């Protein structure tokens, strides 16, 4: 595939992620922070997020499996996940965390379990989306091209 | 404000022509940022460095406090997350307010009014809701100036 075609594909793909709500404006902030001195910044932050979120999701799974559920601990983990997902612009994960906290507030275990599944699903989905995104970026850079930037307000 | 590392001080920012607060932020502002979440910490650090601030990052409030105690007068402002295990942002804020004269900005994904109120009444000079954008961080130097002005008059 020609470089121009891959670049166009990347732009369209990224736009679709915004349209579908996977990403929000915060992701653009991250992209704007990336420069020649740190060309893999976005990749590094996103990778760090998935490293941490996996741990948090495991902790949440264990915590909800206890005979006496510690809702304070669960709330703390979900809050952290909400904060970190919002920091990378992972909107659907963030929203799933908000719903999760609501069930936590009223100590509804069934609700929490459903929400945990939802958060896991959203993390899984957005992780795949990012992998495709980074793969396209790699293809562009390997062809000697530059990664096109998305303008807000498209 | 004197920066011993010579990265630029407040006076250079205001000396060139008409004051345009929006585009001229003071380089070399010495910031200590505290957050137990490493994703958030990485993003903050990058944003603050892009603002040309001098950044020290920390993932524990207790460590932040001992750094501040050992290196008094080497920081201009502290930015701290609210919800952290062991010592939280409120406790850190209380310690800083009682022991030193530094402006503290609290940051959190928690936008609940009672929590923001707590931050304000405990003496935070600002309370920012995550996710924070770089435009907001470009303006934090105002809190340093404001505090110094209050102390002078």
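FYI, it's all coordinate maths here, none of it is from the lab. Because the structure is a prediction, the values reported are computed rather than measured. Please note: Cβ atoms are built from the backbone with ideal geometry, for glycine as well, and neighbour counts cover all protein chains shown.
Here are some notes:
- When region B:134-153 is filtered for residues that are in contact (Cβ under 8 Å) with a residue 60 or more places away in the chain and within 14 Å of chain A (Cβ to nearest Cβ), the ones remaining, listed by number, are B:134, B:137, B:138.
- Subset of region A:1-32 that is in a loop (DSSP other than H, G, I, E, B) and touching a strand residue (DSSP E or B) at 6+ places or on another chain (Cβ under 9 Å) - its residue that is surrounded by the fewest Cβ atoms within 10 Å (Cβ to Cβ): A:24
- Among the conditions (1) crowded, with 19+ Cβ neighbours inside 10 Å; (2) away from chain A (no Cβ under 14 Å); (3) free of Cβ contacts under 8 Å to residues at least 12 places away in the same chain, residue B:78 misses just one, which is (3).
- Among the residues of this structure, residue B:48 counts as one that is under 13 Å from the mean Cα position of the chain (by Cα) and part of a helix (DSSP H, G or I).
- For residue A:91, the test of being within 14 Å of another protein chain (Cβ to nearest Cβ), buried (at least 16 other Cβ atoms within 10 Å of the Cβ) and in contact with a helix residue (DSSP H, G or I) (Cβ under 7 Å, 6 or more places away or on another chain) is failed.
- Residues of region B:34-54 classified as in contact (Cβ under 8 Å) with a residue 24 or more places away in the chain, within 13 Å of another protein chain (Cβ to nearest Cβ) and in contact with a strand residue (DSSP E or B) (Cβ under 8 Å, 6 or more places away or on another chain), total: 6
- Checked across region B:142-153, the condition of being touching a helix residue (DSSP H, G or I) at 6+ places or on another chain (Cβ under 9 Å) and buried (at least 22 other Cβ atoms within 10 Å of the Cβ) holds for no residue.
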